[in-house]
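J.: Before I ask anything, let me first share the structure, which is written out below as structure tokens.
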Amino acid sequence: MITGNPDLIRFIRAELEKQGPQSFAWFMQQALYHPEHGYYSSGRCVIGREGDYFTNVSVGPLFGQLLAAQFAQMWERLGKMNNFVIVEQGAHHGQFARDVLDFIQKRVPEFFDALRYLIVEPFPILQELQDHTLKAFQRKLGWCSSMQPFKGVHFSNELLDAMPVRLVSDGVEKFVALDGDRFVFVERHVDEAIFNQAALQCIDDVAANLQRGYVIAIDYGLSEEKSHDCAQVRARHRNLDSPFDRIGEADITMNVDWRSIVERAQANGLRIAGLTDQHHFLTGLICRFANDDLGQSLLTDSPKTKRELQTLLHPEMLGRAFQVLALAKNVGPETNPLAGFKFAREPRLT
Ligand SMILES: C[S@@+](CC[C@H](N)C(=O)[O-])C[C@H]1O[C@@H](n2cnc3c(N)ncnc32)[C@H](O)[C@@H]1O
């Protein structure tokens with residue numbers, strides 16, 4: 001049974017009738033990013049308790065505050081440059097940007113004066129929502145629909161896993177086809193298939209536009225996955241069995257293949273500045289900043305902050321499922337790793 005947004009289902013059916021079977025990447029593009037009816041592009045997606053799923057950002061402001069402390073260290077390492085730009089891609093409703101800017105304004109005013117915050121946002125409805133969330137920081141903000149040259153840091157949380165993928169395993173690819181009224185998968189042999197072209201293209205774009213500085217990508221993924229023939233579908237905090245359930249009303253994701261991302265980044269002249277799981281990354285940040293003013297203001301004794309910290313760190317909650325990749329360009333050799341990578345553990349990749 002196909003369920004979901006009737007207009008979107010009608011559109012997909014008509015295209016399949018006209019064009020024949022289509023790759024899953026095409027289907028995912030329509031389900032998430034169709035200009036009018038896509039789950040994200042229509043503004044329908046709600047993240048957090050009242051929505052479809054949690055992210056690090058929706059856990060509370062602590063995540064943004066900890067990352068702000070990492071950005072501050074990067075700014076110091078780049079000689080406290082003026083016009084340091086924090087570029088965020090996949091900013092959704094702007095909560096992360098607000099948590100970061102709020103913290104930096106209060107705790108590191110010198111950094112606040114030197115920075116600009118640029119959101120890469122292709123969808124007008126999301127830009128409107130971000131504009132609303134970030135009213136207090138208008139002076140610091142800018143938007144663009146595609147990447148522009150910058151010096152500073154490019155940040156994303158759960159961006160790469162939301163990029164369209166082909167479903168391929170052992171030379172067989174699953175295509176979406178029509179069977180009467182139903183959408184079904186049909187399999188075809190393919191010679192060479194790059195399953196995550198959109199994510200790799202994103203890395204190309206970041207590398208081409210980053211003139212000097214860092215990239216931080218946080219996502220859930222694997223370093224050694226051979227088969228990419230199944231995507232996760234989530235709605236109302238439940239995993240759905242099929243991507244043909246609740247089309248345009250559910251999130252579709254694929255584990256990030258860190259190996260191919262890292263290889264592509266290196267081929268583009270980026271250096272790996274660190275790769276570890278979120279538990280070790282946040283522990284490194286907490287340890288580094290715990291004894292200075294920045295840390296004191298971060299780690300208050302409030303029960304809410306403690307709960308947030310536990311959710312972000314605990315290996316059975318978000319601590320192990322998520323990994324953090326940092327890349328660097330034109331930064332020069334660094335004697336010590338960035339604070340978040342002090343306890344880095346991912347030997348197969350690093
Ligand atoms: C899973 S959500 C994560 C949202 C937010 N970063 C968080 O952690 O709560 C993925 C977000 O990436 C956005 N996105 C997908 N492709 C994008 C692209 N090429 N450029 C900018 N944003 C994109 C989607 O619109 C969506 O808001």
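Laboratory data are not the source of any read-out in this text; all were calculated from the coordinates shown. Every value quoted in this text rests on a predicted model; they were computed, and no experiment measured them. Every residue, glycine among them, receives a Cβ derived from its backbone with ideal geometry; neighbour counts consider all protein chains shown.
J.: Given charges of +1 on the Cβ of Lys and Arg and -1 on the Cβ of Asp and Glu, with all other atoms neutral, how large is the dipole of the chain about its Cα centre, in debye to the nearest 20? Intermediate values should be presented prior to the final figure.
T.: Numbers: 37 positive and 44 negative charges, 207 e Å.
That gives the chain a dipole magnitude of about 1000 debye.
J.: Under the 0.36 nm per residue contour assumption, what length would be gained going from the current alpha-carbon distance of ARG139 and THR335 to full extension? Present the calculation step by step, with values, prior to reporting the outcome.
T.: Details: separation 196, 0.36 × 196 = 70.56 nm, distance 3.56 nm.
Between ARG139 and THR335, full extension yields an extra 67.0 nm.
J.: Of PHE137, GLY180, PRO243, which is farthest towards the positive pole of segment 6-331's charge dipole, taken about the Cα centre with +1 and -1 on the beta-carbons of Lys, Arg and Asp, Glu respectively?
T.: Value computed over the given set: PHE137.
J.: Still on this structure, please answer the following. How much mean residue ellipticity at 222 nm does the chain get from its helices, if each DSSP H run of length 4 or more adds -39500 (n - 2.57) and you divide by all residues, to the nearest 500 deg cm²/dmol? Display every interim value, and only then the final one.
T.: Details: 12 runs with 125 residues, N = 350.
Helix contribution divided over all residues of the chain: -10500 deg cm²/dmol.
J.: Right, next: For segment 225-342, what does the relative contact order come out to in percent, with C-alpha contacts under 8 Å and a separation of six or more? It would help to have the intermediate numbers written out before the result.
T.: Working: 123 pairs, mean separation 35.7, N = 118.
The value is 30 percent.
J.: How high is the FRET efficiency between THR3 and LYS306 when r is their beta carbon distance and R₀ equals 56 Å, given to the nearest 0.05?
T.: On the way: r = 40 Å, r/R0 = 0.72.
Calculated transfer efficiency: 0.90.
J.: Stick to the Cα atoms of segment 6-331, pair each with every other, and give me the Kirkwood hydrodynamic radius in Å at one decimal. Each step should come with its number before you reach the end.
T.: On the way: mean 1/r = 0.0484 Å⁻¹.
With all distinct Cα pairs of segment 6-331 included, I get 20.7 Å.
J.: Using only C-alpha positions, report the orientation-averaged shadow area of the convex hull of segment 185-265, nm², one decimal. Spell out each step's value before the answer.
T.: Numbers: hull surface 29.3 nm².
Orientation-averaged projected area of the Cα hull: 7.3 nm².
J.: Going down the list LYS140/LYS304; LYS151/LYS342; LYS106/LYS140, which pairs span over 26 Å between their C-alpha atoms?
T.: Pairs exceeding the cut-off: LYS140/LYS304.
J.: Among bridges DSSP assigns within segment 6-331, what percent are antiparallel (round to 5)?
T.: 60
J.: Are there GluC sites (Glu not before Pro) in segment 18-112 that DSSP marks as loop and that have at most 14 other Cβ atoms within 10 Å, and which are they? Please report the intermediate quantities before stating the final value.
T.: On the way: sites: GLU36, GLU50, GLU76, GLU88, GLU110; in loops: GLU36, GLU50.
Counting only loop positions with at most 14 other Cβ atoms within 10 Å, the GluC sites (Glu not before Pro) in segment 18-112 are GLU36, GLU50.
J.: How many nm is it between the label spots at ASP181 and ALA267, if each spot is 7 Å from the Cα in line with the beta carbon?
T.: 4.5
J.: Then there is this: Residues of segment 317-342 with amide nitrogen under 14 Å from the 7 Å Cα-to-Cβ point of ALA290?
T.: 342
J.: A further question on this structure: Gain in length, ARG320 to LYS80, computed as 0.36 nm per residue apart minus the alpha-carbon separation, to one decimal in nm? Working shown, then result.
T.: Details: separation 240, 0.36 × 240 = 86.40 nm, distance 3.25 nm.
Gain on extension, ARG320 to LYS80, equals 83.1 nm.
J.: Work through the residues other than TRP143 whose Cβ is under 11 Å from its Cβ and net out their charges, Lys, Arg +1 and Asp, Glu -1.
T.: Working: positive: none; negative: GLU88, GLU121, GLU128, ASP131.
After counting each charged neighbour, the total is -4.
J.: Test of understanding: express the Cα radius of gyration of segment 129-229 as a ratio to 2.2 N^0.38 Å, with N the residue count. Could you put the intermediate results ahead of the total?
T.: On the way: Rg = 18.7 Å, N = 101, 2.2 N^0.38 = 12.7 Å.
After normalising by residue count via 2.2 N^0.38 Å, the value is 1.47.
J.: Apply the Karplus parameterisation 6.51 cos²θ - 1.76 cosθ + 1.60, with θ equal to phi minus 60°, to every residue of segment 337-343 and state each ³J(HN,Hα) to the nearest whole Hz, in sequence, with x for glycine and proline.
T.: Rounded to whole hertz, the list is x, 4, 3, x, 10, 4, 10.
J.: Quickly work out the ASP113-to-ASN209 label distance, labels modelled 7 Å from Cα along the C-beta direction, and quote it in nm with one decimal.
T.: 2.9
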